[in-house]
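This report refers to the structure that appears directly beneath it.
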Amino acid sequence: MAVIDLRSDFLSHSSDAMAAAARDAAQSRHFGLREDPWQRKLEARIAGLLGQEDALIFPTCTMANTVALLLHTAPGETVVTQHDAHVLVSEANAGAALGGVRMTTVDVEGALPPLPSWERAVGIEPDAQRSRVALAVVENTHMRAGGIALPANYVDDVITLVRARGCALHLDGSRIFYAASALGTTPARLASAFDTVSVSLNKTFGAPIGAALAASAVYIDRALVLRQRLGGGLRPIGAAAAATLAGLDDLAHIAQCNALAARLASGLAGLPCIAPQAPAEPTNIVLAQVLLPWTAAAVCDALAADDILALPMGAEHIRMVTYRGITAQEIEQVIERFGELLRRPPR
């Protein structure tokens, strides 16, 4: 059996059209940081899809998020986000290390923190002892909450109360295309009201360019300088930009990936010793709690022996992610193997 790797949608397959576009643009060579015509076309397309004025490509979404933090804050100021948000737990504390900002969270855990918890978090009045809350970061989809897509009306309400407190807003929209598909809306509907928006391109499209930041032209001009300070200028970029642009023409696989994840979650739900989360608006992530006598590491090790790769997240949880290249047959094989494994005690 070939390896079935569900650890991340970083592993998304590129399409034949993307490979052809890369070949056509292979000789595109330009010196300036935004000179390449394929890059400019790609950035304009991303900006349009996200309802923003301009966009800038980045090697990774982590770098795009870091630049957003630097754009909106001064050293000593505070950033508020959800519990277990990517900017808080998976980016090496870049905001503090590079920007000198304090990262904090809303005071209620859960997939959709109630609005009063957001209001309390951003409503702290600065004084001689407490720093100003300068920025709120919203992650959609929220990966560690089971890949939940935050509903548009909920996000609208968060934006309204944050704006009323004079804070800037950044959307970590790494998987925003999956969220839009799950909610039956467009990425622009979920992203256009934010000051800045980051989006992964490799996760969703298997693109050779990792990410982009979308915002106003003024913010993007400043982001270009900050990206250069971090060493994020990509050159030559024509072939990669052309391939990524072609990937944006094919969105059909996104709904299919969400459906495969839903099938995986439902298949696991009836098995012993595992409890997949069931967010109201699921996307392409399945986060499952492993119950005693199993541990997440033991389950993942046993699966790996049968060429199925999943990601342990702490002692009790496993993450599995669907993406372009994963088939319905493979998902059925994974469910079957889980059933065989969990119906016997661990070794």
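The values are calculated or read from the model by the stated rules, or taken from the named source; none is laboratory data. None of the values given here were measured: they were computed from a predicted structure. A quick note on method: Cβ atoms are made from the backbone with ideal geometry, for glycine too, and the neighbour counts reach across all protein chains shown.
State whether the residues of region 321-336 include one that is in contact (Cβ under 8 Å) with a residue 12 or more places away in the chain, touching a Pro at 6+ places or on another chain (Cβ under 8 Å), surrounded by 14 or more Cβ atoms within 10 Å (Cβ to Cβ) and over 20 Å from residue 139 (Cα atoms).
no
Does residue 36 count as surrounded by fewer than 20 Cβ atoms within 10 Å (Cβ to Cβ) and either among the acidic types (Asp, Glu) or touching a residue at least 60 places away in the same chain (Cβ under 8 Å) (or both)? Can you show your working first?
Values: surrounded by fewer than 20 Cβ atoms within 10 Å (Cβ to Cβ): no; either among the acidic types (Asp, Glu) or touching a residue at least 60 places away in the same chain (Cβ under 8 Å) (or both): yes.
For residue 36, the condition - surrounded by fewer than 20 Cβ atoms within 10 Å (Cβ to Cβ) and either among the acidic types (Asp, Glu) or touching a residue at least 60 places away in the same chain (Cβ under 8 Å) (or both) - is not met.
The rows are residues; the columns are (1) assigned by TED's automatic domain parsing to the domain that holds residue 89; (2) farther than 21 Å from residue 216 by Cβ; (3) acidic (Asp, Glu); (4) touching a residue at least 24 places away in the same chain (Cβ under 8 Å).
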site: 133; (1), (2), (3), (4): yes, yes, no, yes
site: 140; (1), (2), (3), (4): yes, no, no, yes
site: 147; (1), (2), (3), (4): yes, yes, no, yes
site: 150; (1), (2), (3), (4): yes, yes, no, yes
site: 153; (1), (2), (3), (4): yes, yes, no, no
site: 162; (1), (2), (3), (4): yes, no, no, yes
site: 165; (1), (2), (3), (4): yes, no, no, yes
site: 171; (1), (2), (3), (4): yes, no, no, yes
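So residue 221 passes all but one of these: (1) acidic (Asp, Glu); (2) modelled with pLDDT of 95 or more; (3) within 19 Å of the chain's Cα centre (by Cα). Which condition number does it fail?
Only one criterion in (1) acidic (Asp, Glu); (2) modelled with pLDDT of 95 or more; (3) within 19 Å of the chain's Cα centre (by Cα) is unmet by residue 221, namely (3).
Looking only at residues in region 127-153 that are part of a loop (DSSP other than H, G, I, E, B) and of a type in the set (A, V, I, L, M, F, W, C), which one is surrounded by the most Cβ atoms within 10 Å (Cβ to Cβ)?
Quick first cut of region 127-153, residues part of a loop (DSSP other than H, G, I, E, B) only: 127-132, 140-141, 146-147, 149-151.
Still in the list and also of a type in the set (A, V, I, L, M, F, W, C): 128, 149-150.
Numbers: 128: 4, 149: 26, 150: 24.
Applying the filter and picking the extreme gives 149.
Name the residue, out of 181, 174, that is among the polar types (S, T, N, Q), surrounded by 22 or more Cβ atoms within 10 Å (Cβ to Cβ) and part of a loop (DSSP other than H, G, I, E, B). Lay out the reasoning, then the answer.
Values: 181 fails: part of a loop (DSSP other than H, G, I, E, B).
Of 181, 174, the one residue that is among the polar types (S, T, N, Q), surrounded by 22 or more Cβ atoms within 10 Å (Cβ to Cβ) and part of a loop (DSSP other than H, G, I, E, B) is 174.
Out of 252, 269, report the one residue that is at pLDDT below 95, loosely packed, with under 15 Cβ neighbours inside 10 Å, closer than 30 Å to residue 185 by Cβ and not hydroxyl-bearing (Ser, Thr, Tyr). Quick ask: steps written out before the conclusion?
Values: 269 fails: at pLDDT below 95.
The unique qualifying residue is 252.
Identify, from the list 178, 154, the residue that is of a type in the set (Phe, Trp, Tyr), more than 26 Å from residue 8 (Cβ to Cβ) and at pLDDT 95 or above.
Values: 178 fails: more than 26 Å from residue 8 (Cβ to Cβ).
Just one listed residue meets the conditions, 154.
Among the residues of region 326-347, write down those that are more than 13 Å from residue 7 (Cβ to Cβ) and outside any helix (DSSP H, G or I). Full working, then the answer.
Pass one, region 326-347, residues more than 13 Å from residue 7 (Cβ to Cβ): 327-333, 335-347.
Matches in region 326-347: 327, 343, 344, 345, 346, 347.
For region 81-106, give me the residue count where each residue is under 18 Å from residue 150 (Cα atoms) and among the charged types (D, E, K, R).
Count: 1.
So is residue 90 surrounded by fewer than 20 Cβ atoms within 10 Å (Cβ to Cβ) and in contact (Cβ under 8 Å) with a residue 40 or more places away in the chain or not? Write out each step before concluding.
Numbers: surrounded by fewer than 20 Cβ atoms within 10 Å (Cβ to Cβ): yes; in contact (Cβ under 8 Å) with a residue 40 or more places away in the chain: no.
So residue 90 does not fit the description; no.
If you scan region 127-166, which residues turn out to be farther than 15 Å from residue 196 by Cα and of a type in the set (Gly, Ala, Ser)?
Residues satisfying the conditions are 128, 131, 145, 146, 147, 149, 152, 164, 166.
For a quick check of your reading: which strands (runs of 3 or more DSSP E) sit entirely within region 185-300 and have at least 2 residues that are in contact (Cβ under 8 Å) with a residue 12 or more places away in the chain, under 24 Å from residue 170 (Cα atoms) and touching a Pro at 6+ places or on another chain (Cβ under 9 Å)? Please lay out each step first, then the result.
Values: elements: 196-200, 211-215, 274-276, 285-290.
Per the criteria, 196-200.
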